[in-house]
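Below: the structure, in structure tokens.
We did not get these values from a lab; they are worked out from the coordinates using the rules stated. Owing to the predicted nature of the structure, the values given are computational and were not obtained by experimental measurement. Here the Cβ is made from the backbone with ideal geometry for all residues, glycine too, and neighbour counts use every protein chain on show.
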Amino acid sequence: MTLTVLDRRDAFRKALDAERASGRRIGLVPTMGSLHAGHTSLMQRAASECDVVVATVFVNPLQFGPTEDLSTYPRDPDGDRAKAEAAGVAYLFAPPQGEMFPDEPATVVSVASLTDVLEGAIRPGHFQGVATIVTKLLSLAGACRAYFGEKDYQQLAVVRRLTADLSLPAEIVGCPTVRASDGLALSSRNAYLTPGERAVAPTLYRALQRAAAAATGTSDADELRAIMSATVAAQPALQLQYAEVADAADLSPLTTLDRDARLLIAARLGRTRLIDNLAVPR
């Protein structure tokens, strides 16, 4: 199917309504653009499970803090169109900011507890912006399967909760993190890394791997936190922001590994924030 690019809400809604009316199942992949192999893996997964794949590209101003990188966030509209088409996307919704938010929104979506920790503690207001735009996109898209990467695991948890709480007609599908050959989780912000920083960046994944390996011999969550922290501390260029062992479902901190857990880590490297995570099943 040839890619159709849409930039108006009404056209987007009508196109998907028409596809559903013809009996086709919609797979939705929301993104902020600057597409990489992690994004296209979501699109390919959607193509394998749905009849029509839809991707969105919108750099959402609501989820950026006043000192964050909204103005410099990587953008590649021509590359995005080419990659989306190659991945089997039928519709690419790429609205201008004024189409999505013609006025400052008076209504926002806030998900309690899940957003108070980790990224939410470091980036106040971030998840309110994420929850608001995802709710808007899912409302416009209608009944669909929506695909999100596990690389942003806290975001995935927030989206699952808001979808359930608001009874939105979407099935949320979490997909494994896509990594470079040295383990670095793919991210649009990796473009900010200098060559020297890029060599250091996989340290976060090594920290997660070491903690996950240690989890086979201990149930003490603090031991795993210490392993992650020490691994990052060995690289002076990295500034650790958190190294957490949390309940995989609600992200509450664990003392003992007595249920499915998630290791989550974040650090600053030069001008770039890196985040990563790894499952520790029980």
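Report note on the peptides 210-220, 47-57, 235-245: ranked by the mean count of other C-beta atoms within 10 Å, highest first, their order is 47-57, 235-245, 210-220. Among ILE26, ILE227, ILE265, the residue with the largest mean-square fluctuation in a Gaussian network model of the chain, with springs joining Cα atoms closer than 10 Å, is ILE227. The aspartates and glutamates whose alpha-carbon is closer than 18 Å to the alpha-carbon of LYS83, local same-chain residues fewer than 8 away aside, are ASP7. Here the extension length gained between ARG189 and ALA143 equals 13.5 nm, from 0.36 nm per residue of separation less the Cα-Cα distance.
Working from label points 7 Å from Cα in the Cα-to-Cβ sense, the GLU171 to THR107 distance is 2.7 nm.
The phi-based Karplus calculation (6.51 cos²θ - 1.76 cosθ + 1.60; θ = phi - 60°) puts the 3J(HN,Hα) values of segment 100-111 at 7, 9, x, 10, 4, x, 8, 10, 10, 10, 10, 10 Hz, whole numbers, x for Gly and Pro. Rounded to the nearest 500, the 222 nm mean residue ellipticity of the chain from helices alone is -11000 deg cm²/dmol, with -39,500 (n - 2.57) taken per DSSP H run of at least 4 residues. The share of C-alpha pairs in segment 188-280 whose separation exceeds 16 Å stands at 50 percent.
Ignoring lysines fewer than eight residues from LYS136 along the same chain, the ones with Cα atoms less than 21 angstrom from its Cα are LYS14.
Note on ALA18 and SER181: the extension gain reaches 54.6 nm, defined as 0.36 nm multiplied by sequence separation minus the Cα-Cα distance.
Across segment 4-175, the mean sequence separation of Cα contacts (distance under 8 Å, 6 or more residues apart), normalised by length, yields a relative contact order of 28 percent.
Which distance in Å, rounded to a whole number, links the C-alpha centroids of segment 202-277 and segment 84-126? Cα centres, segment 202-277 to segment 84-126: 26 Å.
Proximity of backbone amide H atoms, modeled 1.01 Å from N, is registered between GLU171 and CYS144, ARG145, ALA146 at under 5 Å, excluding neighbours fewer than 5 places apart on the same chain. Would any residue of segment 202-224 have its amide N under 19 Å from a label point 7 Å out along Cα→Cβ of ASP69? List them or say none. Those under the cut-off are 202-205. Averaging the Cα positions of each part gives two centres, and for segment 156-184 and segment 8-57 these lie 15 Å apart.
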